[in-house]
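In what follows, a single structure is set out as structure tokens and then discussed.
The values are calculated or read from the model by the stated rules, or taken from the named source; none is laboratory data. Please read these numbers as outputs of a predicted model, since none were measured by experiment. Cβ coordinates were reconstructed from backbone atoms using ideal geometry, including for glycine residues, and neighbour counts include every protein chain displayed. These accessible areas exclude ligands, DNA and RNA; they are computed on the full protein's heavy atoms, side chains included. Shrake-Rupley method; radii C 1.70, N 1.55, O 1.52, S 1.80 Å.
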Amino acid sequence: MRSVTIVHVAEMAGVSVKTVSRVVNNEPNVSAELLPGSRRPSRTLGYSPNIAARRMGGAKSYLIVAFNDRALTLENWRSDRGNNWIDRMQYGAMLECDARGYHLLLELIDLESEQLERRVAAVLSTLRPDGVILTPPSSDHPDVLAVLARRQIPFVRMGSMADGPGHSVALDDAEAARVLTGHLLELGHRRIGFITGSARFAVSARREDGFVEALRAAGVSDPRAGVTPGDFTFEGGARAAEILLAQSPRPTAIIASNDEMALAVLHVAQRLGLSTPRDLSVATFDDSPSIRFSFPPMTTIRQPVAEMAALGARILIDAAATPGQADRSHHLLPFELIVRESTGPVQA
């Protein structure tokens with residue numbers, strides 16, 4: 001069976017090879033009436049552009065690379081806990097790339113390594129991506145940002161609220177924490193524990209700040225009394241929950257900085273004979289499938305991770321299509337408070 005080439009598509013569509021190339025590569029300024037005429041034969045004949053040939057024919061690589069933290073990613077895979085955040089990130093970016101004729105590649109980088117800059121530079125030299133998506137905590141890592149700036153490669157910092165180079169796509173985690181804490185305050189809770197995330201992630205401090213600000217605004221005398229260190233792991237959440245629930249008087253509610261730690265809070269509470277939400281309300285961030293099917297299902301802040309990743313990929317692909325546009329922009333996406341059965345009024 002012969003291989004289908006761009007020439008066959010052009011013959012069937014009755015247009016030039018150059019026109020088909022511009023259509024399938026989603027180049028700008030392509031006349032709208034040409035789109036169906038060129039794309040229909042492509043689908044009929046089963047044609048897809050060869051990525052190697054495309055890279056040889058121009059400056060673009062048609063490749064977006066996402067950098068993820070090596071240690072955390074591997075730990076979650078090896079423990080069979082999965083990586084729901086990464087799954088959603090890949091889902092959003094992958095669909096956007098696929099719709100635009102691009103490919104998405106995931107690369108793990110060790111942010112603690114002395115060879116970090118060399119590793120990042122090697123990936124960029126080998127793959128020559130049109131853009132890079134940085135996920136936390138690489139989003140704010142100065143060494144990573146420095147290498148990208150030197151190579152003049154467009155990049156998007158996911159989850160970053162910090163001023164800095166490149167494009168950023170995030171949600172307001174401090175405001176999300178204020179909203180989540182406000183929900184518990186409205187239910188009558190005043191003794192609220194808060195389990196922080198890992199200090200390696202800037203989002204941890206933002207969520208803690210929002211929690212403290214909400215309690216302070218409500219007149220709670222010592223808003224940091226219930227703040228307990230965590231690390232975004234189940235084990236860290238369990239240790240923090242044991243500390244909080246050993247206090248006298250103990251908290252009537254606990255907010256965990258991610259779903260995995262919130263599940264640990266539920267386990268510790270049940271082991272201590274506490275019922276949720278009658279004895280202890282539990283709330284969290286992220287809205288992974290695990291907490292929707294926990295017992296009880298948990299109140300949470302839903303992060304638009306897939307939407308952030310899709311927007312990040314769109315920004316990078318647009319930048320590759322129109323060189324010379326602004327090299328930095330900042331985008332805030334909305335979050336959503338999802339109230340479920342794990343939170344309830346304080347019992348008299």
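Between S125 and A149, the modelled label-to-label distance comes to 2.2 nm, taking each label 7 Å out from Cα in the direction of the beta carbon. Taking every protein chain into account, the accessible area of the range 204-282 amounts to 41 square angstrom per residue (probe 1.4 Å).
Packing, taken as the mean count of other beta carbons within 10 Å per residue, orders the peptides 64-71, 111-118 from highest to lowest as 64-71, 111-118. Here the range 269-283 is scanned for amide nitrogen atoms under 18 Å from the site 7 Å beyond the Cα of R302 along Cα-to-Cβ, giving 283.
Give me the percent of the accessible area of the range 304-348 that comes from carbon and sulfur atoms, probe 1.4 Å, all protein chains in place. The partial results should precede the final answer.
Numbers: 1350 of 2420 Å².
The computed percentage sits at 56.
In this label model, E242 and L74 are separated by 2.8 nm, measuring between points 7 Å along each Cα→Cβ vector.
Extension gain for A225 to L105 (0.36 nm times residue separation, less C-alpha to C-alpha distance): 38.8 nm. Here the peptides 291-298, 270-277, 216-223 are ranked by packing, the mean other Cβ count within 10 Å, and the order with the highest first is 291-298, 270-277, 216-223.
With the simple spin-label model, which puts each label point 7 Å out from Cα in the Cβ direction, the Q347 to R292 separation comes to 3.0 nm. When both the range 121-177 and the range 98-114 are represented by their alpha-carbon centers, they are found 11 Å apart.
Whenever you get a sec, compute what percent of the accessible area on the range 204-248 sits on carbon and sulfur atoms (1.4 Å probe).
52 percent
The mean accessible area for residues of the range 138-183, using a 1.4 Å probe and ignoring ligands and nucleic acids, is 34 Å² per residue. Computed with a 1.4 Å probe over protein heavy atoms only, the accessible area of I243 comes to about 100 Å².
Using a probe of 1.4 Å, the accessible surface attributed to H103 totals some 90 Å² when neighbouring protein chains are kept in position.
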